[in-house]
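The values are calculated or read from the model by the stated rules, or taken from the named source; none is laboratory data. Computed from a prediction, not measured in an experiment: that's the story for all the values here. FYI the Cβ positions are ideal-geometry reconstructions off the backbone, even for glycines, and counts take in every protein chain you see. Ligands, DNA and RNA are stripped out before the accessible areas are found, and what is left, the full protein with its side chains, is counted by its heavy atoms. Shrake-Rupley method; radii C 1.70, N 1.55, O 1.52, S 1.80 Å.
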Amino acid sequence: MGLDPRRLRILQNIGMFCGLTAGAWLGAAEAPTKLVTLGLSPVVISLSMVIGVFLARWTLPALIQGTSYVAADLRQAPHLIVWAVLAGCLWAVANTLAIFAVRDVGLSIAFPLWNSNSLLGIFWGIVFFQELRGADWRRWLGVIGGALLMFGGATALAVASAAQVPAHDAARGVAAALFAGVLWGTMYIPYRKAYLTGMSPLSFITFFTVGELGMMTALALTYSGGVTPLWSQISGARHVLFWLLAGGFVWVVGDLFQQYAVKYAGITRGIPLSNTNQLWGLLWGILVFGELRGASHSVFTQVIGGSLVMAIGAGLIALSSVSRNEHLRWEDAALREGERYRVDASYTRARMAGEDAGSVRRRRTWVDWLVVSIATATIIGFALVARPPQISLNWEWATVLAIATLAMLVGAGTALWRTTRFN
């Protein structure tokens, strides 16, 4: 395939930038899960967020590329619909477990624990997709050494959580967070299959969300005991549902950048970078929601130290850039995926280079504007009945973090559009 070295460097840098931006937005998206402290069911919170996710995953592709672009993309690789739905099912279960973890051990502690998904993601990237094959020893050392540092940081945080809450709750919360990490780590297999084949993240996420909403609805009905009890819980929470739907929208923005990071930087680099959301989660938890207020000095040191160690590990992985020899292995893996599912080789080549495939056209129709209108009306409807949640938070720090997050969105979005047109 022979991607031009200069083009390869540019795409890698954009992938890295997208990973960092994903971290900021994924961190902000978890802030609404603090509503679990108001007594709301974790399942109701997760279902409400998934509804927001569903709306966003159809609205953003419709606005940016148009549904005709998505349809043309899927015709090139229809087998990926099944993989997208499977990934969505995994995400829904993991997100629900994450909310249970927030309830039991808090946002600043749960975040780094479920971000152990980096370890599993690195393993799958090496085993299935030829990542790190052909890389020199320094890159192997950077990725594996960084993974070990992340594991050490997660261990320190687990110890800190046990000191903060009753033993039973701590064990349950830690288990929920770690299992969420396993599911999220496995979810990256469908991601990578899609992007090696050539599919645009904007196309992949539309069917991804079908699995999310279907699985989450089934979980909610089972956990709540049926339609009537679930509806009663949702009705009782109607004044805060807007904030949860908004959290789902924010999550989708972060997840979209995470998927571009996987596409252009690979699992072994893109996921650790997006897992800098642990630092953003720590900032939201401590500065905005006042977590760890009154904690002992030793606990505070463990939480901060553990998060920083994990961030250093992620940085080492990110700095282990993809070599030319390694990227050739990626290209071989992409060709094998294309041959296995009979995908046009020219389509795969173009998309790996972040370029338009000749058979895919951008065109917005009345369907796109209908999708956008329905999503907008739904959000406005929930906003009209929303009330500020009765939860203590620091608005000054919330504003600072929000501005920083938006700035990263503008920077990464502009770079991605100029170079790839969101392919």
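Once you have the Cα-Cα distance between Trp397 and Thr365, take 0.36 nm times their residue separation minus that, and quote the gain in nm to one decimal. Walk me through the numbers on the way to the answer.
Values: separation 32, 0.36 × 32 = 11.52 nm, distance 4.12 nm.
Roughly 7.4 nm would be gained on extension.
Say each of Thr155 and Leu141 gets a label point 7 Å from the Cα, pointing the same way as Cα to Cβ; how far apart are those two points in nm?
It works out to 2.1 nm between the two label points.
Apply the Karplus parameterisation 6.51 cos²θ - 1.76 cosθ + 1.60, with θ equal to phi minus 60°, to every residue of region 52-64 and state each ³J(HN,Hα) to the nearest whole Hz, in sequence, with x for glycine and proline.
In residue order, the calculated couplings are x, 4, 4, 4, 5, 5, 9, 6, 4, x, 5, 6, 7 Hz.
Relative contact order, percent, of region 183-313 when contacts are C-alpha pairs under 8 Å separated by at least 6 residues? Could you put the intermediate results ahead of the total?
Details: 44 pairs, mean separation 31.6, N = 131.
Dividing the mean separation by the residue count of region 183-313 yields 24 percent.
Working out 0.36 nm times the residue gap between Val385 and Trp231, then minus their Cα-Cα distance, what length gain in nm do you get to one decimal?
On the way: separation 154, 0.36 × 154 = 55.44 nm, distance 1.67 nm.
Full extension of this stretch gives 53.8 nm more.
Under a Cβ-Cβ cut-off of 15 Å, what is the net charge of the residues other than Val143 that fall near it, where Lys and Arg count +1 and Asp and Glu count -1?
+2
Which ³J(HN,Hα) values in Hz, rounded to whole numbers, follow from the phi angles of region 202-214 under the Karplus curve 6.51 cos²θ - 1.76 cosθ + 1.60, where θ = phi - 60° and Gly and Pro get x?
Couplings: 5, 7, 4, 5, 5, 8, 3, 6, 5, x, 4, 5, x Hz.
Give the distance, in whole Å, between the Cα centre of region 272-318 and the Cα centre of region 386-423.
That distance is 19 Å.
Compute the relative contact order of region 25-141 as a whole-number percentage, counting only Cα pairs closer than 8 Å that sit 6 or more residues apart in sequence.
Over region 25-141, the number comes to 30 percent.
For the chain, what does the accessible surface come to per residue with a 1.4 Å probe? Please give it in Å².
39 Å²
With the alpha-carbon atoms as the only input, what is the per residue convex hull volume for the chain in Å³?
Looking at the chain, the number lands at 127 Å³ per residue.
When N counts the residues of region 380-421, how does its alpha-carbon radius of gyration compare numerically with 2.2 N^0.38 Å, as a ratio?
Values: Rg = 15.9 Å, N = 42, 2.2 N^0.38 = 9.1 Å.
Compactness ratio reported: 1.75.
Tabulate in residue order the Karplus-calculated ³J(HN,Hα) for region 139-149, using 6.51 cos²θ - 1.76 cosθ + 1.60 with θ = phi - 60°, rounded to whole Hz; enter x for Gly and Pro.
5, 4, 4, x, 6, 5, x, x, 5, 5, 4
Given a Förster distance of 22 angstrom, what is the FRET efficiency for Ala71 paired with Arg9, based on the Cβ-Cβ distance and rounded to 0.05?
That gives a FRET efficiency of 0.10.
Please report, in whole Å³, the volume per residue of the convex hull around the C-alpha atoms of region 1-151.
On the way: hull volume 23.7 nm³, N = 151.
Taking the convex hull of the Cα positions in region 1-151, it is 157 Å³ per residue.
Could you tell me the relative contact order of region 311-423? Use alpha-carbon pairs under 8 Å, at least six residues apart, and round to a whole percent.
30 percent
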